[in-house]
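Report on the following structure.
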Amino acid sequence: MEQNKKIRFRARAAYDGSGFRGWQVQAKGRTCQAELENVLSTRFNRIVKIVGAGRTDASVHARGQAFHFDVYRHEIVTKGNIDESLSTTQNFCKQLQKSLNSMLKDDI
């Protein structure tokens, strides 16, 4: 069951809160957590939930908002192979950051 093992990643986000109703997902309005979850879910082709280390109110800006999410070991693929070495994880992180930044709007 090695494939089902999850790996937790910590990430940080910066955002201009002018267009957001805060960090945490809400029934109405755009939130940072919802935007990040949507992009991660699209990237991994499954529902990905994130957990923020804190919250912000509506229209509040942030730089370095910490959050974490889990990915399955088999999702950390770079150049077609699964390798648990540090360099592969670092490459995956760089590729993921580039991918997510290209998918997010400019205010995150």
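A short reminder: the numbers here are calculations on the coordinates, not readings from a lab. Computed from a predicted model, the values in this text were never measured in an experiment. Neighbour counts are summed over all protein chains in view; Cβ atoms, including those assigned to glycine, are modelled from backbone coordinates with ideal geometry.
Restricting attention to the range 6-61, and to residues there that are in contact (Cβ under 8 Å) with a residue 60 or more places away in the chain and loosely packed, with under 13 Cβ neighbours inside 10 Å, which single residue is farthest from K98 (Cα to Cα)?
The qualifying residue farthest from K98 (Cα to Cα) is S18.
Give the residue that is nearest to H74 (Cα to Cα), with candidates limited to residues of the range 15-60 that are among the polar types (S, T, N, Q) and part of a loop (DSSP other than H, G, I, E, B). Before you say what the answer is, go through the steps one by one.
Just the residues of the range 15-60 that are among the polar types (S, T, N, Q), to begin with: 18, 24, 26, 31, 33, 38, 41-42, 45, 56, 59.
With the extra rule that they be part of a loop (DSSP other than H, G, I, E, B), the set shrinks to 24, 26, 31, 45, 56, 59.
On the way: Q24: 29, Q26: 31, T31: 29, N45: 13, T56: 33, S59: 38 Å.
Among those residues, the one meeting the criterion is N45.
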